[in-house]
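Undergrad: Okay, handing you the structure first.
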Amino acid sequence: MAQPQTNDANMETNDAIRHTRIPLARGSGALPAVGFGTLIPDPLLTRQAVKTALEIGFRHFDCAERYGNEQAVGDAMQEVINGGALKREDIFVTTKLWNTNHRPERVMAALDASCRRLQIDYVDCYIIHTPFAFRAGDDQDPRDEHGRVVYDSGVTLIETWQAMEDLMDGGRCKSIGLSDITLDRLKEIVAVSRIKPAAVQVEAHPYLPEWDLLDYCREQGIVVQAFAPLGHAMEPKIVDDPIIRSIAQRMSKTPAQVALSWAVQRGTALLTTSTSVGHIRENFDISALDEDAMREIRDNIKTNIRFNSVVGTGVPGFIPRSS
Ligand SMILES: NC(=O)c1ccc[n+]([C@@H]2O[C@H](COP(=O)([O-])OP(=O)(O)OC[C@H]3O[C@@H](n4cnc5c(N)ncnc54)[C@H](OP(=O)(O)O)[C@@H]3O)[C@@H](O)[C@H]2O)c1
């Protein structure tokens, strides 16, 4: 079982896992394992949630041009930084290149626009949001007259990846990665890339543990960022799982804390999202599970569900079409 990596493994204590940092083997810096996702449709709620998360202790924020709220995330970060509580370099910011910007000549401009909205001059990790190129342009959801997505067959993922490598050369991002990618396609990129991915962001939780991908990434020194670590609160709810609940009861934790601790202890970073102050606090306030609990989750949970279909189409499963 992977042990959480920290700045100083000797300092590990029971509740230290919330401060776990995973060094990036490619690129620079270390990724705080407990991350806060910003897929929150309302900009005001985004700003409030990000500010609360910063105050509570989250230091890793996952953003995307497709979420349409980078400005609100940037406003919250600026508010906290200007208040003197934190410096820019205390915060790890990931953002993502959207499908309509895969053409190499659009990649730098997309990063510049994200930085402008986020009000920062570099991102810690820049990720290709999905391996699917959509028709290039300002319409983020291009459709034909039948409502079908218009893909762009004029650019390959490898060409887009090479443009990401060029960004690294220019110092505008400290690491680069991929998202919503299958193990086979990841291997293709690893095989041909000059700069290999530092991070891969995929749906992962006790109902979709992605062990094969995780094992491969571990061998390759690639950090796995688990999105929807609570299953996006969809049915069947991970927090209602009988095994998760019995561990929570035995260890005096909440079911959400059990699922999030499991994610960190098996060696992934996680991205959880909430607009509730109580949940944000609860989700940061995690502590280590015992080995029995880790084993029970791995061996005894048989439910297998993917909640987000984005991996098959490039169409975001958690974003309503009108937004
Ligand atoms: N790369 C991709 O394609 C991709 C796709 C999807 C998501 N993401 C990223 O991953 C992030 C997280 O995804 P997610 O929203 O699915 O995460 P999640 O943490 O699995 O689910 C969030 C949901 O769980 C609820 N929740 C949060 N804490 C809880 C707790 N302690 N107890 C009970 N319910 C709780 C939230 O409701 P409340 O607000 O009421 O707390 C919200 O409805 C996104 O924000 C985004 O940054 C990436």
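Undergrad: One residue is enough: does segment 148-156 have a residue meeting the conditions touching an Asp or Glu at 6+ places or on another chain (Cβ under 8 Å) and within 21 Å of Arg103 (Cα to Cα)? Lay out the reasoning, then the answer.
TA: So in segment 148-156, the residues touching an Asp or Glu at 6+ places or on another chain (Cβ under 8 Å) come out as 149-150.
Applying the additional criterion that residues be within 21 Å of Arg103 (Cα to Cα) yields 149-150.
Scanning segment 148-156, I find at least one residue that is touching an Asp or Glu at 6+ places or on another chain (Cβ under 8 Å) and within 21 Å of Arg103 (Cα to Cα), so the answer is yes.
Undergrad: Now for a different question. Which residue, of Arg185, Arg194, is more than 22 Å from Ser261 (Cα to Cα), open to solvent by 30 Å² or more (accessible area, probe 1.4 Å) and touching a helix residue (DSSP H, G or I) at 6+ places or on another chain (Cβ under 6 Å)? Spell out the reasoning first.
TA: On the way: Arg185 fails: touching a helix residue (DSSP H, G or I) at 6+ places or on another chain (Cβ under 6 Å).
It is Arg194.
Undergrad: Can you find a residue that is more than 12 Å from the ligand (Cβ to nearest atom), touching a residue at least 40 places away in the same chain (Cβ under 8 Å), loosely packed, with under 15 Cβ neighbours inside 10 Å and farther than 23 Å from Ala30 by Cβ anywhere in segment 266-283?
TA: No, every residue in segment 266-283 fails to be more than 12 Å from the ligand (Cβ to nearest atom), touching a residue at least 40 places away in the same chain (Cβ under 8 Å), loosely packed, with under 15 Cβ neighbours inside 10 Å and farther than 23 Å from Ala30 by Cβ.
Undergrad: In this structure, is Ile91 within 18 Å of Thr273 (Cβ to Cβ), modelled with pLDDT of 95 or more, among the β-branched types (Val, Ile, Thr) and touching a helix residue (DSSP H, G or I) at 6+ places or on another chain (Cβ under 9 Å)? Please lay out each step first, then the result.
TA: Numbers: within 18 Å of Thr273 (Cβ to Cβ): yes; modelled with pLDDT of 95 or more: yes; among the β-branched types (Val, Ile, Thr): yes; touching a helix residue (DSSP H, G or I) at 6+ places or on another chain (Cβ under 9 Å): yes.
Yes.
Undergrad: What residue, among those in segment 240-259 that are within 12 Å of the ligand (Cβ to nearest atom) and over 15 Å from Glu296 (Cα atoms), is most open to solvent (accessible area, probe 1.4 Å)?
TA: That would be Asp240.
Undergrad: Please pick out the residue among Ser274, Ser261, Ser287, Ser252 that is among the small types (Gly, Ala, Ser) and under 30 Å from Gly68 (Cβ atoms).
TA: Working: Ser261 fails: under 30 Å from Gly68 (Cβ atoms); Ser287 fails: under 30 Å from Gly68 (Cβ atoms); Ser252 fails: under 30 Å from Gly68 (Cβ atoms).
After ruling out the rest, the residue left standing is Ser274.
Undergrad: Residue by residue through segment 284-294, note down the ones that are buried (at least 18 other Cβ atoms within 10 Å of the Cβ), within 12 Å of the ligand (Cβ to nearest atom) and part of a loop (DSSP other than H, G, I, E, B).
TA: The one that is buried (at least 18 other Cβ atoms within 10 Å of the Cβ), within 12 Å of the ligand (Cβ to nearest atom) and part of a loop (DSSP other than H, G, I, E, B): Ile286.
Undergrad: Inspect all residues belonging to segment 152-162 and state whether any of them is within 18 Å of the chain's Cα centre (by Cα) and either open to solvent by 30 Å² or more (accessible area, probe 1.4 Å) or aliphatic (A, V, I, L, M) (or both).
TA: No, every residue in segment 152-162 fails to be within 18 Å of the chain's Cα centre (by Cα) and either open to solvent by 30 Å² or more (accessible area, probe 1.4 Å) or aliphatic (A, V, I, L, M) (or both).
Undergrad: Shifting gears a bit: Within segment 295-319, take every residue that is of a type in the set (A, V, I, L, M) and either open to solvent by 40 Å² or more (accessible area, probe 1.4 Å) or within 28 Å of Gln140 (Cα to Cα) (or both) and give me the one that is farthest from the ligand (Cβ to nearest atom). Spell out the reasoning first.
TA: The initial filter retains those residues of segment 295-319 that are of a type in the set (A, V, I, L, M), namely 297, 301, 305, 310-311, 315, 319.
Still in the list and also either open to solvent by 40 Å² or more (accessible area, probe 1.4 Å) or within 28 Å of Gln140 (Cα to Cα) (or both): 305, 310-311, 315, 319.
Working: Ile305: 12, Val310: 5, Val311: 8, Val315: 10, Ile319: 8 Å.
This residue is Ile305.
Per-residue answers, yes or no, for (1) in contact with a Leu (Cβ under 7 Å, 6 or more places away or on another chain); (2) farther than 26 Å from Val315 by Cβ:
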| position | (1), (2) |
| --- | --- |
| Leu178 | yes, no |
| Leu186 | yes, no |
| Leu214 | no, no |
| Cys217 | no, no |
| Ile222 | no, no |
| Ala226 | yes, no |
| Ser246 | no, yes |
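Undergrad: Identify the residue in segment 225-239 that is near the ligand (Cβ under 8 Å from one of its atoms), hydrophobic (A, V, I, L, M, F, W, C) and within 17 Å of the chain's Cα centre (by Cα) and, among all such residues, is most open to solvent (accessible area, probe 1.4 Å).
TA: Among those residues, the one meeting the criterion is Ala233.
Undergrad: Condition first: in contact with a Gly (Cβ under 9 Å, 6 or more places away or on another chain) and within 17 Å of Pro255 (Cα to Cα). Now tell me which residues in segment 205-225 satisfy that.
TA: Within segment 205-225, His205, Pro206, Tyr207, Leu208 qualify.
Undergrad: For the structure I just gave you, tell me whether Gly171 is among the small types (Gly, Ala, Ser), in contact (Cβ under 8 Å) with a residue 40 or more places away in the chain and surrounded by fewer than 22 Cβ atoms within 10 Å (Cβ to Cβ).
TA: Values: among the small types (Gly, Ala, Ser): yes; in contact (Cβ under 8 Å) with a residue 40 or more places away in the chain: yes; surrounded by fewer than 22 Cβ atoms within 10 Å (Cβ to Cβ): yes.
Yes: the conditions hold for Gly171.
Undergrad: Limited to segment 92-135, what total is found for residues that are touching a strand residue (DSSP E or B) at 6+ places or on another chain (Cβ under 6 Å), within 15 Å of Asn69 (Cα to Cα) and among the charged types (D, E, K, R)?
TA: 1
Undergrad: For residues in segment 197-224 being among the acidic types (Asp, Glu) and open to solvent by 30 Å² or more (accessible area, probe 1.4 Å), which is farthest from Ser261 (Cα to Cα)? If you could, list the steps in order and put the result at the bottom.
TA: Initially, segment 197-224 is screened for residues among the acidic types (Asp, Glu), giving 203, 210, 212, 215, 219.
Checking which are open to solvent by 30 Å² or more (accessible area, probe 1.4 Å) leaves us with 210, 212, 215, 219.
Details: Glu210: 16, Asp212: 20, Asp215: 19, Glu219: 22 Å.
Among them, the one singled out is Glu219.
The values are calculated or read from the model by the stated rules, or taken from the named source; none is laboratory data. Only a predicted model underlies this, so the values are computations on that prediction, with no experimental measurement involved. FYI the Cβ positions are ideal-geometry reconstructions off the backbone, even for glycines, and counts take in every protein chain you see. When the accessible area is computed, the model is the full protein with side chains, heavy atoms only, and any ligands, DNA or RNA have been set aside. Shrake-Rupley method; radii C 1.70, N 1.55, O 1.52, S 1.80 Å.
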